[in-house]
Amino acid sequence: MLRLHDAVRRRAEPVVPEGARSLRLYAFGPPAGHRLHLGDLRSFLLADLVGRLAGRRRVRVLTCHVTDGEAFADDLPALNVRPPDRSLPVDEAMALLSGSAPGVTEPGTPPGLIVLDPGVPGTARWTGSGRLSFEGRELLPGQDGSGSVRLRDVAEADLDPLAVRLALLGHRYREDAELTWDALRAADGTLRLWRSRVATWSEAPSAPMPADRVAAIEGALDDDLATPLALRLMDELERDESLAPGSRFEAFLHLDQILALALPSEIGRPPAG
């Protein structure tokens, strides 16, 4: 079961207690009228990853985006963030959480906060991602600023928006992260490579995925979302020519259901040029 750092208890705890099979996940967004930038998106990527992992463990996840604005229509789908089951205004979410998440449902709840509520008294908790800077400029959730980098800027630079997702996965979610244009270009190159490899592997005979290697990657993700380690293990898996192409194909398809990097997107497409 996925374990996340508990900000109050200061240790990693299962996202749901033993025996619980459901989870309400509240992701607090920026205020109305705010122009979304990359700093706002990091917490929604975190919430999406938590929801995907918990769902793979047969936990029924109800995702709620909490915001008084409607700024997410284009950006979140471009990052493969699943649409929420519900969108709630802040006051309604506060009322639902009252009493179940101490210290959270008070005035001034910051954008970027994520509340995990398994519906068992005393087990709700909150978490969030570290701060994000881009080329040395801090992008605080919910705050506008000159020079804020938006997902549209990434697309206009001829980079896949999912390069942002991959680049952020390269950092521990609780730690502050620094992105640069060079980092996004490197992530874009990795996406192109992995998609090309998956397309090539898809033409090979099917083979069982390497269970031990996949289990190690899933174990890293379950251990407080150790995404940098998971990506490093995936890179080793991609380069391991001792494994059958069909085996690596099955592994990457399986893992992409969690990481959501559109790795099968080049299958069936004619080679460029």
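The table below gives the values:
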| item | result |
| --- | --- |
| Residue range of the chain that is longest and free of GluC sites (Glu not before Pro) which are both DSSP loop and sparsely packed (at most 12 other C-beta within 10 Å) | 71-134 |
| Set of the range 233-258 residues, backbone N closer than 11 Å to the point 7 Å along the Cα-Cβ line of Ala207 | 240-250 |
| Label-point separation, Arg11 to Arg35 (7 Å along Cα→Cβ), nm | 4.7 nm |
| D_trans [Stokes-Einstein, Kirkwood Rh over alpha-carbon pairs] for the range 3-129, 4 °C, 1.567 mPa s, µm² s⁻¹ | 88 µm²/s |
| Spin-label model distance (nm) - Arg232 vs Asp68, 7 Å beyond Cα toward Cβ | 4.4 nm |
| Spacing of the two label points (7 Å from each Cα toward its C-beta) at Ser22 and Leu253, in nm | 3.3 nm |
| The range 3-129 - charge dipole about Cα centre, Lys and Arg +1 at Cβ, Asp and Glu -1, debye rounded to 20 | 780 debye |
| Whole-angstrom gap from the range 148-194 to the range 5-26, using each part's C-alpha centre | 29 Å |
| Unit charges on C-beta of K, R, D, E only; dipole of the chain, Debye | 620 debye |
| Per-residue [θ]222 nm for the chain (sum of -39500 (n - 2.57) over DSSP H runs n ≥ 4, rounded to 500) | -12000 deg cm²/dmol |
| Residue-span extension gain [Ala215 to Ala157] - 0.36 nm each, minus C-alpha spacing | 17.3 nm |
| Positive-end extreme of charge dipole, the range 168-273 - chosen from Thr200, Ala216, Ala251 (charges on Cβ) | Thr200 |
| Order of Leu53, Leu4 under a 10 Å beta carbon neighbour criterion, fewest first | Leu53, Leu4 |
| Which labelled figure in (1) 15.1; (2) 14.1; (3) 17.6 is mean projected area of the Cα convex hull in nm², once derived from the coordinates | (1) |
| Gyration tensor (alpha-carbon) shape descriptor, the range 144-234, a/c threshold 1.5 | oblate |
| Candidates per trypsin sites (Lys or Arg not before Pro) in the range 27-69, loop by DSSP, up to 10 other Cβ within 10 Å | Arg58 |
| Using a Förster distance of 22 Å, the FRET efficiency for Arg60-Arg3 (Cβ separation, nearest 0.05) | 0.75 |
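Just so you know, all these numbers are worked out from the coordinates, no wet-lab data involved. Values in this document were obtained by computation on a predicted structure and should not be read as measured data. Please note: Cβ atoms are built from the backbone with ideal geometry, for glycine as well, and neighbour counts cover all protein chains shown.
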